[in-house]
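Remarks on the structure that follows.
The values are calculated or read from the model by the stated rules, or taken from the named source; none is laboratory data. Bear in mind that the values here come from a model prediction, so they are computed numbers and not experimental data. Here the Cβ positions follow ideal geometry from the backbone for every residue, glycine too, while neighbour counts run over all protein chains shown. Please note that ligands, DNA and RNA were not included when accessible areas were found on the heavy atoms of the full protein model with its side chains. Shrake-Rupley method; radii C 1.70, N 1.55, O 1.52, S 1.80 Å.
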Amino acid sequence: MTFVFSQLRSMSVAAVLALSAGITHAQQSGGTLRMVVFPEPAVLVSAANSSTFPGIVSTKIHEGLLKYDINMKPQPSLATSWNVTPDGKTVTFQLRRGVTWHDGRPFTSADVKFSLERVWKTLHPRGRAVFGSVSEVRTPDDYTVIVKLDKPSPAMMQSLSAYESQVVPKHVYDGRDFNTNPHLSAPIGTGPFLFKEWRRGEYIRLERNPKYWDSPKPYLDAIIVRIIPDQGATATAFETGELDIGFFNPVALGDLKRLTSLPNLAVETKGYTYFGAQYLLELNLRNEYLKDVRVRRAMMHAIDRHFLVNDVWFGYGKVATGPIPSTVKQYYSADVPQYPFDVAKANAILDDAGYKRGPNGMRFRISQTYPMVSEIPRTAEYLKQALAKVGIDVEMRVVDLGTLIRNVYTAYDFDFDNAFLYMLSDPTMGVQRLYWSKNIIKGVPFSNASGYSDAEVDRLLVAAQTELDPVKRQAQFLEFQKIIQRDVPLINLFELHLTTLYNRRVQNHTISADAPYASYAEVSIAK
């Protein structure tokens, strides 16, 4: 869900806290929450790493300037108040006083300035667009940050959460290579939980921060994040009471009905609005076949997306109509070119394009790269079968998540990959990175790995980054969607409805639009 930039011009603590009225905070203290995460995170700092699983752990340790409630309304976090000038070119934040980093050093405006200039704007794949207009960050005192922009950035005020724009300690990272800093694996934050131990392949242990600024929170004594690579073993652990909560489809969707028939377990699909998860195929347009738009259109016609949603993903999804998901209501449109399932039409397109079948019935061979996560392997198997029916032979490349990221975003050693990415609550934040030519940057995860470049798309995306008129911005994104659906540089299959499986004794686990990335300061375990 989106909110209007002008509504954020000036918010006091009292006004913002009123937005969250009705949230019942847990009163019972103590206990250890047992969480599951897989794949295992590569690092525990998501300030420059936008992959899914580091964020689950990282956001319990680190904080952002703001946090957002279940309706994506902003609330104070490290910033207690903020003001945006009418022209959108100056944003002033008043910071929370009395906050300390976990190593005892004081949190100040210097940390925010360093994080914005040296991390969010330069290292984060989405931050390049969101913070690209920032020309200067002033810190007149330890508790004031003034952000000056050459042009307004409507998406910026939606991008200040602990996951998207995580504040990191300047004294820990300044003067060192960020990506090799040892504290990426032993992080120091300001959040409600302290990093204690990481036993690779087994668990990550976080403990209560006794000096947390929002006392008496957190209510939990500790969080144990277990690394369990097998979904069957994860399901068993939930059944036996060894696990309390898991996110992003922690067990096979086919097991949910059986598990939630147990009196102590339940499933939640709320708390994922912020993500706008979209299942897609990133196509490497450097490939001799995939660079032909006719091949890409034929692939779209060859895939039965309704079958994928209903039969492979057990109804936990909705067929996509383009690059912007329907969760981004202000800018979404279905009035764009569509490619209904039609095998005969797909074959005709490939025939007309001159791709003749060989003796084995295949026209050409391409590979798909995918991880063993959730229902992705089953999806990959279906895609192999579906594309074979139109004469496209698909080689299966199963890799771990780290290898996938290296192959797709650094080496460009892939033909198409098979995964879901987050489009987020504003197209500038989540969608632009995949289609903007300036985001063709080797080594930056979840950016424009396809190598797609179109001058008009670039113009529309750059214009929308700074457009404050909502009507004009809607028109820009509508035209963008039409071009993308014409060119099909990526294949957008369906919007994914993600699930959280939890033990009913866990309280207040879903009170924000990005629930897996909440701080868990409010979470408790019923006695």
message: If residue 265 satisfies all but one of (1) hydrophobic (A, V, I, L, M, F, W, C); (2) more than 21 Å from the chain's Cα centre (by Cα); (3) more than 30 Å from residue 67 (Cβ to Cβ), what's the number of the condition it fails?
response: (3)
statement: Exactly one of 519, 453, 512 is assigned to a loop (DSSP other than H, G, I, E, B), without any contact (Cβ under 8 Å) to a residue 24 or more places away in the chain and not charged (D, E, K, R), and that residue is 453
query: Can you tell me which of 457, 444 is farther than 15 Å from residue 130 by Cα, aliphatic (A, V, I, L, M) and out of contact with any Pro (no Cβ under 7 Å at 6 or more places or on another chain)?
result: 457
- prompt: Could you count how many residues in the stretch 499-509 are assigned to a loop (DSSP other than H, G, I, E, B) and open to solvent by 30 Å² or more (accessible area, probe 1.4 Å)?
  reply: 3
- prompt: Just for the stretch 192-209: of the residues that are part of a loop (DSSP other than H, G, I, E, B) and touching a Leu at 6+ places or on another chain (Cβ under 9 Å), which one is surrounded by the fewest Cβ atoms within 10 Å (Cβ to Cβ)?
  reply: 209
- request: Go through the stretch 389-436 residue by residue and tally those that are in contact with a helix residue (DSSP H, G or I) (Cβ under 6 Å, 6 or more places away or on another chain), assigned to a strand (DSSP E or B) and at pLDDT 95 or above.
  value: 2
task: Residue by residue through the stretch 421-449, note down the ones that are out of contact with any Asp or Glu (no Cβ under 8 Å at 6 or more places or on another chain), farther than 23 Å from residue 161 by Cβ and either among the hydrophobic types (A, V, I, L, M, F, W, C) or open to solvent by 30 Å² or more (accessible area, probe 1.4 Å) (or both).
output: 440, 441, 442, 443
- request: Look through the stretch 52-92, keep the residues that are within 25 Å of residue 132 (Cβ to Cβ) and among the aliphatic types (A, V, I, L, M), and return whichever of them is modelled with the lowest pLDDT.
  value: 72
query: Among the residues of the stretch 59-82, how many are in a loop (DSSP other than H, G, I, E, B), under 15 Å from residue 510 (Cβ atoms) and in contact with a strand residue (DSSP E or B) (Cβ under 9 Å, 6 or more places away or on another chain)?
result: 1
task: With the checklist (1) touching a strand residue (DSSP E or B) at 6+ places or on another chain (Cβ under 9 Å); (2) modelled with pLDDT of 95 or more; (3) not hydrophobic (A, V, I, L, M, F, W, C) in hand, flag the one item residue 482 doesn't pass.
output: (1)
message: With crowded, with 21+ Cβ neighbours inside 10 Å and closer than 23 Å to residue 288 by Cβ as the only criterion, which of 412, 452 stands out?
response: 452
message: Being within 16 Å of residue 115 (Cα to Cα) and either of a type in the set (Lys, Arg) or in a loop (DSSP other than H, G, I, E, B) (or both) is the filter here; which residues of the stretch 178-190 pass it?
response: 181, 187, 188, 189, 190
task: Take residue 355 and decide whether it is part of a loop (DSSP other than H, G, I, E, B), more than 26 Å from the chain's Cα centre (by Cα), farther than 30 Å from residue 476 by Cα and aromatic (Phe, Trp, Tyr).
output: yes
query: Within the stretch 294-312, which residues are open to solvent by less than 40 Å² (accessible area, probe 1.4 Å) and either in contact with a Lys or Arg (Cβ under 9 Å, 6 or more places away or on another chain) or among the hydrophobic types (A, V, I, L, M, F, W, C) (or both)?
result: 295, 298, 299, 300, 301, 302, 303, 308, 309, 312
- prompt: Which ones in the stretch 135-163 are open to solvent by 10 Å² or more (accessible area, probe 1.4 Å) and under 22 Å from residue 446 (Cβ atoms)?
  reply: 154, 162
message: I'd like the full set of residues that are more than 19 Å from residue 335 (Cα to Cα) and part of a helix (DSSP H, G or I), limited to the stretch 465-493.
response: 465, 466
field: Some residue of the stretch 243-263 being open to solvent by less than 50 Å² (accessible area, probe 1.4 Å) and under 27 Å from residue 390 (Cβ atoms)
entry: no
